[in-house]
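See structure below.
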Amino acid sequence: MINHRYPEPTVGALIFNHAGQILLIRGEKFMNRYVIPGGHIEIGETMEEALQREVREETGLEVGDIKLIGLQEALFPEHHRQSRHFIYIDFSCRAKPGPIVLNEESDEYIWVLPEKSLTLPLETYTEGLIREYLEGEKSTFQRKILYKIE
């Protein structure tokens, strides 16, 4: 049964470190699959503010160099325990130096090169985002709905 009347806008962070690796988190909430940090946009909050808040809450990190890279729609995704309709607004960003402190949503994290992440148990939409990121300019998805921010 659907318990929400409207789609839920969320932000996701493809966070890069100085070595070009991305941060993935994993926990029971995500059915023990790796995901990118992120969450809901709160009323009165910009997408960028939501991204910075969610990253800070979930990882303890501060991020900068934020760029919009993707938009996905998830109609009742299998990885979620409740029937929901999500709009995923994804950004790339750079981690500022600092320790990672996970909140209760995650049990572990990993820094991994984007191409090597595809060998991990990834959540479906996270995998799709990483694949599209790796395809870059060749991606049909990118030409249709991703915006290149210079």
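The values are calculated or read from the model by the stated rules, or taken from the named source; none is laboratory data. These figures come from a predicted structure and were not determined experimentally. In this analysis, Cβ positions are derived from the backbone assuming ideal geometry, glycine residues included, and neighbour counts consider all displayed protein chains. For accessibility, only protein heavy atoms count, side chains too; no ligands or nucleic acids. Shrake-Rupley method; radii C 1.70, N 1.55, O 1.52, S 1.80 Å.
In nm, what is the difference between 0.36 nm times the number of residues separating His85 and Glu62 and their Cα-Cα distance?
Values: separation 23, 0.36 × 23 = 8.28 nm, distance 2.84 nm.
Working it through step by step, the gained length comes to 5.4 nm.
Heavy atoms only, probe 1.4 angstrom, no DNA, RNA or ligands counted: give me Asp107, Asp90, Asp65 ranked by accessible area, highest first.
Of Asp107, Asp90, Asp65, the descending order of accessible area is Asp107, Asp65, Asp90.
Which order do Arg53, Arg5 take when ranked by solvent-accessible area (1.4 Å probe, heavy atoms of all protein chains), largest first?
Numbers: Arg53 35, Arg5 200 Å².
The ordering from most to least exposed comes out as Arg5, Arg53.
If you roll a 1.4 Å probe over the range 1-125 with all protein chains in place, what percent of the accessible area is carbon or sulfur? Each step should come with its number before you reach the end.
Working: 3600 of 6820 Å².
Within the range 1-125, the accessible surface is 53 percent carbon and sulfur.
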- Query: When all protein chains stay in place, what accessible area (Å², nearest 10, 1.4 Å probe) is found for Val63?
  - Reply: 10
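I want the local charge near Ile36. Using Cβ-Cβ distances under 12 Å, sum +1 for each Lys or Arg and -1 for each Asp or Glu among the other residues.
Details: positive: Arg26, Arg33; negative: Glu54, Glu58, Asp90, Glu123, Glu127.
Spelling it out: positives minus negatives among the neighbours equals -3.
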- Note on the structure: For the pair Lys116 and Met31, the simple spin-label estimate (label points 7 Å beyond Cα toward Cβ) gives in nm 2.7
- Query: By accessible area of protein heavy atoms, probe 1.4 Å, what ranking do Glu115, Glu45 get, highest first?
  - Reply: Glu115, Glu45
